[in-house]
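Every number in this text was worked out from the coordinates using simple rules, so none of it is lab data. Here the structure is a predicted model, which is why all the values come from computation and not from measurement. Cβ: placed from backbone, ideal geometry, glycine included. Neighbour counts: every protein chain shown.
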Amino acid sequence: QVQLVESGGGLVQPGGSLRLSCTASTSIFNIATMGWFRQAPGKQRELVATRASGGNTYYAESVKGRFTISRDGALNTLYLQMNSLKPEDTAVYYCNAIVRLPAPNQYWGQGTQVTISS
């Protein structure tokens, strides 16, 4: 079982910044893809950003230019740097990991609340 623990959420004013962290219980070198999803009240969970093991990244159009996904392999940690935050970014943010061994599987963190409000 791969455990993912998110942290870094909180309340911030529009235009502010937050950095989310996701620490895995296994080396992230064993994880094919890691990413961030978010779910706002009354809305479907949506993909925010992903980073594959080879370094390729993907960003939702709504966050391009504002969010950056990165990792620290030594700390088994994935980050999401969020700048120029908007009220529309308010959601619970979830870390996600896809592994290939011993068999393909997908894991989720418990989520961390991000609230953008003045």
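Evaluating 6.51 cos²θ - 1.76 cosθ + 1.60 at θ = phi - 60° for every residue in segment 58-65, the Karplus couplings come out as 9, 10, 4, 4, 5, 10, 4, x Hz, glycine and proline recorded as x.
Using the Stokes-Einstein relation with a Kirkwood hydrodynamic radius computed over Cα pairs, the translational diffusion coefficient of the chain at 4 °C and a viscosity of 1.567 mPa s comes to 91 µm²/s. Think of each Lys and Arg Cβ as +1 and each Asp and Glu Cβ as -1; about the Cα centre, that makes the dipole of the chain roughly 120 debye.
Using the Karplus relation 6.51 cos²θ - 1.76 cosθ + 1.60 with θ = phi - 60°, the per-residue 3J(HN,Hα) values for segment 2-14 come to 9, 9, 10, 10, 8, 7, x, x, x, 9, 9, 6, x Hz, with x marking Gly and Pro.
Packing order of peptides 68-78, 38-48, highest average first: 68-78, 38-48 (average count of other Cβ atoms within 10 Å over each peptide's residues).
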